[in-house]
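So the structure is just underneath, and the comments pick up after that.
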Amino acid sequence: APASLTINGKAYPSDSWTNVPPSILKHYGRQLHIQPNHPISITRKLIESRFPGFKNHNALPPVVTVGQNFDSLGFAPDHPGRSKTDTYYINKSTVLRTHTSAHEVDVFRANESDGYTISADVYRRDAVDKSHYPIFHQMEGALTWDRNDYPSNQALLDQIKADYDKLPRHDLVVEDPNPTFHPQRNPLQEQHHSPEEAEIISAHLKRSLEDMVVTIFNEADKALAAAGHSSEAEKEPLKVRWIEAFFPHTSPSWEMEVWWRGDWLEVLGCGVIEQPLLIRSNVESRIGWAFGIGLERIAMLLFGIPDIRLFWSNDQRFLAQFEGGKPMKRFVPFSKYPAAPRDVAFWLPKTDSTPTVAATPASTSSAPSSAGGQSTEPAITITDTPAFHENDLMEVVRNTAGDSVEDVVLIDRFTHPKTGRESLCYRVTYRSLEKTLTNEEANMLHEQIRQELVTKFGVELR
Ligand code: PHE
């Protein structure tokens, strides 16, 4: 392996943590969120428009320190999100950001505005399917009030209430069954906030985000109607529910789910900013809220885009369909090329402890599903087998076959009753967005993947 990794002209010494593959670096600098007329960029602008007066940061580069990505936000030293199976490490102290929160402390420290957004590409090792891609885009939003701007705490409280009253009204049905605070999981930060302060900040946060989704989903409905789609589901009212969540950098915290056309969709994560974070940012007199939203999932809903790989396409049949500033139009899918499924079955290498395959919820990763909008299903994690993690297989597939693979699913697993050895079988579905893959092409890609699994992880093919 090379002794250093060059990213954007800068060489970073590599070490035993380095795990950024070429398939990721190849996309460096695409910045879909600022490409004019790209659906990710149109989505970003639509959301930004609901937060007038916020400063929009849209060009922060993706290489950050472990300190920025995790420590600055109060991630515990053993937080699972830090693991090499979830995060792309350039080296032990440098990563590709896993979320836009990595810039919160820097932006707070610059202290240029009460409200801001940060939109950017973020990177996570993850599954291969139609709604997961190892690079996606998030928008961070935060709003704070400075105690120093007010003669008394009462005056500050009155201001937040007045700001709350000025927020646009909506007729959304909102389910919010839980009390704001949970004594263990989501306590009031009692050293820093009065209960009234935390309550009104939470109310302001929720109503601001409810307004945003009303805007988004009304646009999506209009585009659907214009495209001549109408169904019974369409007549169901838009509903929102607030679910208790946990983030190291907010308390209390929530995820928002939206009921739209017959499904609950996880949309974002948010909460009242942990005061130690603001203290570290030298703005200890500020209090407020933050949220993080995944742009791909929203764009897929807005435009009816069926496969996340399309965002990376340079195909004019895709790109020419979008135009910012015009009313939203539904994406018209171009012809689908045939799928070529191929299975690979293998024995995991024998280890001292018997490997067990366990399903763990995706929320153990660096950041919960909502803000990525990426993982709704529990990921399968192969525990006790340091030599093999499901994300390693995903990466072999991505590095070998790139965007020619639509998804990878575990279809069978089996423990040999006598030897205790574990066998896994995955189905890899090959399907290009751009052309028909011949049988020979699919076979060749599949054989390469099989061999890589043997050389990289010492599996025994079945
Ligand atoms: N950083 C979180 C994530 O990526 C989202 C988030 C942002 C949550 C801001 C709370 C506040 O999932």
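Any read-out appearing in this document is the output of simple, stated calculations on the displayed coordinates, not a laboratory observation. Computed from a prediction, not measured in an experiment: that's the story for all the values here. For neighbour counting, all protein chains shown are included, and Cβ atoms are generated from backbone atoms with ideal geometry for every residue, glycine included.
Over 24 Å between Cα atoms: which of LYS55/LYS329; LYS10/LYS92; LYS26/LYS435; LYS45/LYS222; LYS26/LYS326; LYS336/LYS456 fall into that group? Too far apart for the 24 Å limit: LYS55/LYS329; LYS26/LYS326; LYS336/LYS456.
Looking at SER49, THR87, PRO151, which one has the Cα that reaches farthest to the positive end of the dipole of region 40-176 (charges on Cβ: Lys, Arg +1; Asp, Glu -1)? So the residue we want is THR87. Normalised by the number of residues in region 38-194, the mean separation of alpha-carbon contacts (under 8 Å, six or more apart) gives a relative contact order of 20 percent.
Fraction of C-alpha pairs exceeding 14 angstrom in region 84-142: 60 percent, rounded to a whole number. Relative contact order, whole percent, for the chain stands at 16, derived from Cα pairs under 8 Å and 6 or more residues apart.
Here the chain is scanned for GluC sites (Glu not before Pro) in DSSP loops (not H, G, I, E, B) that have at most 15 other Cβ atoms within 10 Å, and the longest stretch holding none of them is 1-111.
Along the axis of the charge dipole computed for the chain (Cβ charges of +1 for Lys and Arg, -1 for Asp and Glu, origin at the Cα centre), the listed residues LEU172, GLN451, PRO13 are led at the positive end by GLN451.
Rounded, prolate or oblate: pick one for region 59-114, where a ≥ b ≥ c are the square roots of the eigenvalues of its C-alpha gyration tensor, a/c under 1.5 means rounded, and failing that, prolate if a/b is larger than b/c, else oblate. Walk me through the numbers on the way to the answer.
Values: a/c = 2.57, a/b = 1.67, b/c = 1.54.
Prolate shape, in that a/c is at least 1.5 and a/b is the bigger ratio.
When only Cα pairs below 8 angstrom with a gap of at least 6 residues are kept, region 114-169 shows a relative contact order of 31 percent. Arranged from fewest to most other beta-carbon atoms within 10 Å of their beta carbon, ASP146, ASP403 become ASP146, ASP403.
Dipole magnitude for region 4-319: computed about the Cα centre from +1 point charges on Lys and Arg Cβ and -1 point charges on Asp and Glu Cβ, it is near 1160 debye. Note on region 62-117: dipole from Cβ charges, positive end direction compared against GLY67, THR100, TYR116; the farthest Cα belongs to GLY67.
Coupling constants for region 27-36 follow from the phi torsions by the Karplus curve (6.51 cos²θ - 1.76 cosθ + 1.60, θ = phi - 60°), and in residue order they are 8, 4, x, 5, 6, 4, 6, 10, 6, x Hz; glycine and proline get x. Could you run the Karplus curve 6.51 cos²θ - 1.76 cosθ + 1.60 with θ = phi - 60° over region 263-275 and give me ³J(HN,Hα) per residue in whole Hz, x for Gly and Pro? Calculated HN-Hα couplings, in order: 9, 7, 10, 6, 10, 7, x, 6, x, 7, 4, 4, 4 Hz. What the Cα convex hull of the chain gives, in volume per residue, is 165 Å³. In the chain, helices alone account for a calculated mean residue ellipticity at 222 nm of -8000 deg cm²/dmol, with every DSSP H run of four or more residues adding -39,500 (n - 2.57). Among complete DSSP H helices in the chain, those whose alpha-carbon atoms stretch at least 30 Å along the helix's long axis and whose mean Kyte-Doolittle hydropathy reaches 0.0 are 195-226. Annotation: amide H of LEU5 within the under-5 Å range of TYR12, SER14, sequence separation 5 or more or interchain, hydrogens built in the peptide plane. Rounded to the nearest Hz, the phi-derived 3J(HN,Hα) couplings of region 18-23 under the Karplus curve 6.51 cos²θ - 1.76 cosθ + 1.60 (θ = phi - 60°) are 4, 8, 8, x, x, 4, where x marks glycine and proline.
To the nearest 20 Debye, how big is the dipole of region 223-330 about its Cα centre, given +1 on the beta carbon of each Lys and Arg and -1 on that of each Asp and Glu?
Details: 12 positive and 14 negative charges, 71 e Å.
The dipole magnitude comes to about 340 debye.
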